[in-house]
1. Report, ordered by the first and then the second residue, all pairs with beta carbons closer than 8 Å, sequence separation of six or more or different chains, a first member in segment 76-89 that is of a type in the set (Asp, Glu), and a second member that is part of a strand (DSSP E or B) and at pLDDT 95 or above.
2. Could you look through segment 49-98, keep only residues that are of a type in the set (Gly, Ala, Ser) and out of contact with any helix residue (DSSP H, G or I) (no Cβ under 8 Å at 6 or more places or on another chain), and pick out the one that is farthest from VAL149 (Cα to Cα)?
3. Given the residues ALA154, ALA196, ALA167, ALA200, which is the only one that is of a type outside the set (Phe, Trp, Tyr), in a helix (DSSP H, G or I) and closer than 22 Å to ASP101 by Cα?
4. Report every pair of residues separated by at least 6 positions or lying on different chains whose Cβ atoms are under 7 Å apart, first residue within segment 21-36 and outside any loop (DSSP other than H, G, I, E, B), second of a type in the set (Ser, Thr, Tyr) and more than 8 Å from the ligand (Cβ to nearest atom).
5. Taking ALA35, is it touching an Asp or Glu at 6+ places or on another chain (Cβ under 6 Å), near the ligand (Cβ under 9 Å from one of its atoms) and either more than 16 Å from ALA224 (Cβ to Cβ) or of a type in the set (A, V, I, L, M, F, W, C) (or both)?
6. Consider ALA140 carefully, then state whether it is closer than 18 Å to ALA239 by Cα, small (Gly, Ala, Ser), in contact with a strand residue (DSSP E or B) (Cβ under 7 Å, 6 or more places away or on another chain) and without any contact (Cβ under 8 Å) to a residue 60 or more places away in the chain.
7. Of the residues in segment 4-25, how many are away from the ligand (no atom under 12 Å from the Cβ) and in contact with a helix residue (DSSP H, G or I) (Cβ under 9 Å, 6 or more places away or on another chain)?
8. Give me the residue from segment 226-241 that is surrounded by 13 or more Cβ atoms within 10 Å (Cβ to Cβ) and away from the ligand (no atom under 11 Å from the Cβ) and, out of that set, farthest from LEU80 (Cα to Cα).
Amino acid sequence: MALVTGSSHGIGAAIATLFAHEGANVVIHGRDAAAMSAVTAGIRQAGGSAMQVAADVTRLADLEAMRVQVEHELGPVDLLVANAGGSPTRPGPLEQTSEEDWRAAVDGNLTATFLTIKCFLPGMKERKSGGIITMSSAAARRPHPGSPVPYAAAKAAIQILTQDLAAQVGPDGIRVNCLAPETILTERNKQQIPAAQQQALAGMHPLRRLGTPEDVARAALYLASDNAAWITGIVLDVAGGAVMV
Ligand SMILES: NC(=O)c1ccc[n+]([C@@H]2O[C@H](COP(=O)([O-])OP(=O)(O)OC[C@H]3O[C@@H](n4cnc5c(N)ncnc54)[C@H](OP(=O)(O)O)[C@@H]3O)[C@@H](O)[C@H]2O)c1
């Protein structure tokens, strides 16, 4: 069974939908009940199996309640995709970043990832198996003057969290890997990034297009699968060649 946090929209919805298509029981998670229902209904209509649950990933009590509900209804989570997050701020000069915006970026990405994993890791260790996928960003893969710094810094921290954890829990049969997408054409980005800018961004990718949520979902499926049985502690750039490190 797979739980994909932040699967009410965007990349998470595509990951959960692909996992369900491949036969996994999936848990759709978010805060927007209508959006979760739409994703759940789409999966069920296609013959897949899904339940939905709401929780704020910045609150440990919410996450614990979610874990109890999910385990009660579907059993243990074998695969955890800690995808929920995003940048609460636009890029700007560091000294103009408010303390509140800084804390929101760290809370909503780094702390949320830590808390999510903290909830589900003990069960995986007990069962001596499991897979965890975290979500970084191209913003954390190389410096750029136009980067949203609090978000980029929080995502970079998720990468070392992923790798330290992979080193800790490898002996428990648990693999932990991280995805780092460049700009992905989610519904939100389609609306927020003007067409001319989308075209300019695409031109910066050797593969000459922007990524889709499905591109990221296929990378997640690979890391989750037995095809990646010997892979742990990596940060996989899903970036059309725009990031090469
Ligand atoms: N899109 C990109 O270009 C891109 C590039 C690199 C990395 N990423 C990363 O990929 C992940 C998904 O991004 P996306 O573009 O698909 O974002 P999105 O379309 O904005 O969706 C974000 C998802 O996360 C959930 N979420 C956010 N904060 C939450 C919180 N505190 N508690 C519970 N749920 C929360 C949202 O739930 P509700 O909407 O239901 O509240 C939603 O399902 C993020 O970690 C993001 O940083 C995205």
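1. From residues that are of a type in the set (Asp, Glu), the pairs are ASP78/ALA2; ASP78/GLY130; ASP78/GLY131.
2. GLY75
3. None of the others qualify; the one that does is ALA154.
4. Listed by first residue and then by second, the contacts come to ASN25/SER49; ILE28/THR40.
5. Working: touching an Asp or Glu at 6+ places or on another chain (Cβ under 6 Å): no; near the ligand (Cβ under 9 Å from one of its atoms): yes; either more than 16 Å from ALA224 (Cβ to Cβ) or of a type in the set (A, V, I, L, M, F, W, C) (or both): yes.
Here the answer is no, as ALA35 does not meet what is asked.
6. Considered against the rule, which asks whether it is closer than 18 Å to ALA239 by Cα, small (Gly, Ala, Ser), in contact with a strand residue (DSSP E or B) (Cβ under 7 Å, 6 or more places away or on another chain) and without any contact (Cβ under 8 Å) to a residue 60 or more places away in the chain, ALA140 comes out as yes.
7. Step one: filter segment 4-25 for residues away from the ligand (no atom under 12 Å from the Cβ), giving 17-25.
Those left that are additionally in contact with a helix residue (DSSP H, G or I) (Cβ under 9 Å, 6 or more places away or on another chain): 17-22, 24-25.
Within segment 4-25, residues that are away from the ligand (no atom under 12 Å from the Cβ) and in contact with a helix residue (DSSP H, G or I) (Cβ under 9 Å, 6 or more places away or on another chain) number 8.
8. So the first thing to find is which residues in segment 226-241 are surrounded by 13 or more Cβ atoms within 10 Å (Cβ to Cβ), and the list is 228, 231-240.
Now drop any that are not away from the ligand (no atom under 11 Å from the Cβ), which leaves 228, 231-236, 240.
Numbers: ALA228: 15, ILE231: 16, THR232: 14, GLY233: 15, ILE234: 16, VAL235: 16, LEU236: 17, GLY240: 25 Å.
Ranking the qualifying residues of segment 226-241, first place goes to GLY240.
The values are calculated or read from the model by the stated rules, or taken from the named source; none is laboratory data. Predicted, not measured: the structure shown is a model, and the values here were computed from it. FYI the Cβ positions are ideal-geometry reconstructions off the backbone, even for glycines, and counts take in every protein chain you see.
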